Amino acid sequence: MKYIIIVTLFISPLLATSQDDLPAGNEQFMRTHFENVELASRMLAYDHVAWVSSDSLITLSQDELRTYGGQWFCYLDSLGIYHALYGAYDSSYTLTAHYLVDSTTFQVNRSFEPFDTTLAIQYSKAYDLALARKREFLGPEDQVRYNHFIFRSDTTVSVYFIPAFQPNGYMIYGAEQHYTLNFEATQIIDKFEYFKEYRAYQAAPNKEVTIIYEDLDYISLGAVFFLMYYDRYFKSIRIVTKNYVSTFFNESWMHVVRTAPKEKKKKKKKKGRG
C-alpha cells in the first residue's frame, strides 16, 4: 500500500504533498473537512452549554418542572453569551427556565429577563419538523439516543442529529441526519440522512480505534464530531473514508491517501533451446 501524508493545521491550508498523486476531488475533500471541523467545534460548545445548564434544572421547583416539554436549545448572542432555553412548544413557546452561559468560562446564571420568543418558536418548529422526519427515516424501532443541534443563518435554520454518549457507556457512530429548513421553519428544503449501521466503542485509554466510512469520499460531520468529542477516551481515533485515513495528532489533522498497490508485470519465461 502506498501512502501520501497530508498535514493540515487549524490555521493553515494544505501544507505539502505531490499534487499529481492526490485523488480526484482532493480540494473538495479539504474544503468540506474544514467546514465540518468548524461546525463540529460549534457543536462541542453547544453540547457543553447543554451539560452545564441542565445541571441547574435540579434546582427548579416541581411546579416549574411540570412545564418542561422537552424543548431545549441554545443560541449565542452578540456579546458572547449563550442563552439556554428550556420549555415546551404548542403553537407558542412556554418557558420553563432561561440560563445565561458565558462562552469563555461557561459560568451559568439563571435569567428572568425577556428572551427571544421569535427565535424560540422558530427553533421549536424546526426541531419538531426535523425530528418527525428523522423518526420516519430511522423507523419506529430505533432506540438510540441522539443529541440535537440547531443553528440559523440569515435565510435558513439547520437541525443536526448525532448519536449521543449512550447511558450504557457506549460511544456510537455510523448514523447522522442533517436538515435545512426555510427561515420560517415550515418546510425541509435540504437533507442529508446517513445510516450504515450502528457501531460502538466503550472507553479504552490505551486503545487505538478506527471508525469506518468507506462509502463516503469525505469525512462526514458525524465522524469529525466523534473524533473531536471522544478523542480523550482513547489512545487515538482514525477515520477511514473512501480515499483517506485521517486522524488528529499534536493539534493537527493528518490525512493519509489510500492508494492501491500497482500490479507487478509478470516476466515472460525464456524458452529453452531445443
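Each value in this text was obtained by applying a stated rule to the coordinates, not by laboratory testing. Computed from a predicted structure; not experimentally measured. Virtual Cβ from ideal backbone geometry, glycine too; neighbours counted across all protein chains shown.
Beta bridges per DSSP, both residues in the chain: antiparallel share near 90 percent.
The Cα-based radius of gyration of the range 51-115, divided by its Kirkwood radius, gives an Rg/Rh of 0.96. For the range 164-267, the set of trypsin sites (Lys or Arg not before Pro) satisfying both a DSSP loop assignment and a count of at most 11 other C-beta atoms within 10 Å is given as Lys262, Lys264, Lys265, Lys266, Lys267. Taking other C-beta atoms within 10 angstrom as a stand-in for reagent exposure, Asp190, Asp231 fall in the order Asp190, Asp231, fewest first. With the charge dipole of the chain set up from +1 on Lys and Arg Cβ and -1 on Asp and Glu Cβ about the Cα centre, the Cα lying farthest toward the positive end among the listed residues Thr259, Ile219, Ala84 is that of Thr259. Its DSSP H runs of at least 4 residues, each contributing -39,500 (n - 2.57), put the calculated 222 nm mean residue ellipticity of the chain at -8000 deg cm²/dmol, to the nearest 500. Assuming charge only on the beta carbon of Lys and Arg (+1) and of Asp and Glu (-1), the dipole of the chain about its Cα centre is about 2920 debye to the nearest 20. Each label point was placed 7 Å from the Cα along the Cα-to-Cβ direction; for Asp55 and Phe112 their separation is 2.4 nm. Pairs of alpha carbons in the range 78-121 separated by more than 14 Å make up 48% of all such pairs.
Inverting the pair-averaged 1/r between distinct Cα atoms of the chain gives 21.1 Å as its Kirkwood hydrodynamic radius.
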